[in-house]
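Engineer: One structure coming up, written as structure tokens, with questions to follow.
A short reminder: the numbers here are calculations on the coordinates, not readings from a lab. Source: prediction; values computed, not measured. When we count neighbours, we look across all protein chains shown, and the Cβ atoms used for this are built from the backbone with ideal geometry, even at glycine.
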Amino acid sequence: MAQPHTSRFRTVGDGSGIERSDNFTREEVALALRNRGMPLEGLRYPITPSGMHYLLVHFDIPRVDAAAYRLRVGGLVEHEISLSLDEIKARPAVTMPVTMECAGNGRALMTPRPISQPWMGEAIGTAEWTGTPLAPLLHEAGLRPESTEIVFTGADRGVQDDSVHLYQRSLTVAEATREEVLLAYAMNGQPLEPQHGFPLRLIVPGWYGMTNVKWLTSIEAIDHEFSGYQQAEAYRYQTESGEPGEPVTFIQPRALMAPPGIPDFLTRTRLVEAGRVTLSGRAWAGREQVTRVEVSTDGGETWSDAALEAQVGEFAWRGWSFEWDAKPGSYELSVRASCATGASQPDEMWNLQGMGNNARQRIEVVVEERPA
């Protein structure tokens, strides 16, 4: 039986050589107040209600006039295109459930802790996105043979690491023209809310959330590797400062458990009544299919297979459940997922920016006898 973590402080660093206490900085708290995660009890919903879906806004939520809005498609194309929102909505539409996860999900659980938006494990959600496929629009514009990447620019602008820039990301032509890539204008059957990218955003199923550019203003074909800040500097798997690191791309296998029982208000330690307890949650792996979910009730010493449900969609999570005979005592519950490629979740993970942390979830639980 695992004992609950009792250390109130511990020394951590962020790779800069500066030692920090385990207390969060004022700046991190301010970021956490601006950006919300999905309460883990939201895992009970196959499709995450829009108000529960995780949210990350890098700079400010821009004010966009839908009546004056135009999306420009240009660069290395035969015919530059400019479309209004109504013209985009008049194009063939697709609705698709997609699980989206922030690349920084879980960074606040790392030791040492990277200093940034302090996600625990709640930067996740699965919504039904409605929009028009991107590939036909690019084909209509006529990509020139020398085009190698497509750059997506959002309306949000700010400063990060002394770089003033609009939020931009790129995809290779091959990735951008996959049939599932959407220009989305609706979420869960309703027009996009301002914080979720109104009036138009990019949806790239299988990729971490940073790829899904919000408040989309332009799409540009280029013949070189895009070197904007959010592509070349941010979202990299780095182990040392100064090294380029590998780019963050596809979502890694992950399972989360809807915390059982009831919580202690401050520590979130769970109180569960003894007896038969159904543990459940969701698992996902980007573009891969989750093939196995395992549950441990003894801190990772032993593992048992959970029962799997059907996937909510090709690019969406699948439910799992496990029956636990809970006896009085203190426990650390844990869950981990594996996908069709054989990739599974590690016990621990660390990198400089706190990216792609899919280390297994841990939940402290106290089981008590049922009252007479």
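Engineer: Go ahead and set up a Gaussian network model of the chain, Cα springs under 10 Å, then flag whichever of Val64, Val181, Val290 fluctuates most.
Structural biologist: Maximum fluctuation in the GNM of the chain, among the listed residues, is at Val64.
Engineer: May I pose another question? Quick check: the distance between the Cα centres of the range 24-80 and the range 143-191, to the nearest angstrom?
Structural biologist: 13
Engineer: Another question, if that's okay. Apply 1/(1 + (r/R0)^6) to the Cβ-Cβ distance of Asp305 and Trp350, taking R0 = 41 Å, and write down the FRET efficiency to the nearest 0.05. Display every interim value, and only then the final one.
Structural biologist: Values: r = 28 Å, r/R0 = 0.69.
For R0 = 41 Å, the calculated efficiency reads 0.90.
Engineer: What does the extension gain come out to for Ile47 and Gln289, with contour length at 0.36 nm per residue minus their alpha carbon separation? Mind dumping the intermediate values first?
Structural biologist: Working: separation 242, 0.36 × 242 = 87.12 nm, distance 1.77 nm.
Result: 85.4 nm gained on full extension.
Engineer: Report the calculated FRET efficiency for Asp298 and Val159 (r = Cβ-Cβ distance, R0 = 41 Å), to the nearest 0.05. Display every interim value, and only then the final one.
Structural biologist: On the way: r = 47 Å, r/R0 = 1.15.
Once rounded, the FRET efficiency stands at 0.30.
Engineer: Same structure, new question: Given 0.36 nm per residue, what is the gain on full extension from Glu179 to Glu314 after removing their alpha carbon distance, in nm? Spell out each step's value before the answer.
Structural biologist: Details: separation 135, 0.36 × 135 = 48.60 nm, distance 1.26 nm.
Value of the extension gain: 47.3 nm.
Engineer: May I pose another question? Using 0.36 nm per residue of separation minus the Cα-Cα distance, give me the extension gain between Ala343 and Met120 in nm, one decimal. Show your work: numbers first, answer last.
Structural biologist: Details: separation 223, 0.36 × 223 = 80.28 nm, distance 2.20 nm.
Length gained, Ala343 through Met120: 78.1 nm.
Engineer: For the range 254-368, what does the relative contact order come out to in percent, with C-alpha contacts under 8 Å and a separation of six or more? Write down the numbers at each step before the final one.
Structural biologist: Values: 272 pairs, mean separation 38.0, N = 115.
The value is 33 percent.
Engineer: Can you give me the P(r) profile for the range 254-368? Cα pairs, bins 10 angstrom wide beginning at 0, each as a whole percent.
Structural biologist: 14, 44, 32, 10, 0
Engineer: Return the Cα extents of the chain along principal axes one, two and three, sorted largest first, each rounded to a whole Å.
Structural biologist: Extents along the principal axes: 74, 46, 38 Å.
Engineer: For a Förster distance of 56 Å, can you work out the FRET efficiency between the beta-carbons of Ala30 and Arg370, rounded to the nearest 0.05? Before the final figure, lay out each step's value.
Structural biologist: On the way: r = 43 Å, r/R0 = 0.77.
Computed FRET efficiency for Ala30 and Arg370: 0.80.
Engineer: To continue, here is another question. Running a GNM on the chain with Cα contacts under 10 Å, which residue among Ile88, Ile115, Ile262 ends up with the highest mean-square fluctuation?
Structural biologist: Comparing Ile88, Ile115, Ile262 in a Gaussian network model of the chain, the most mobile one is Ile262.
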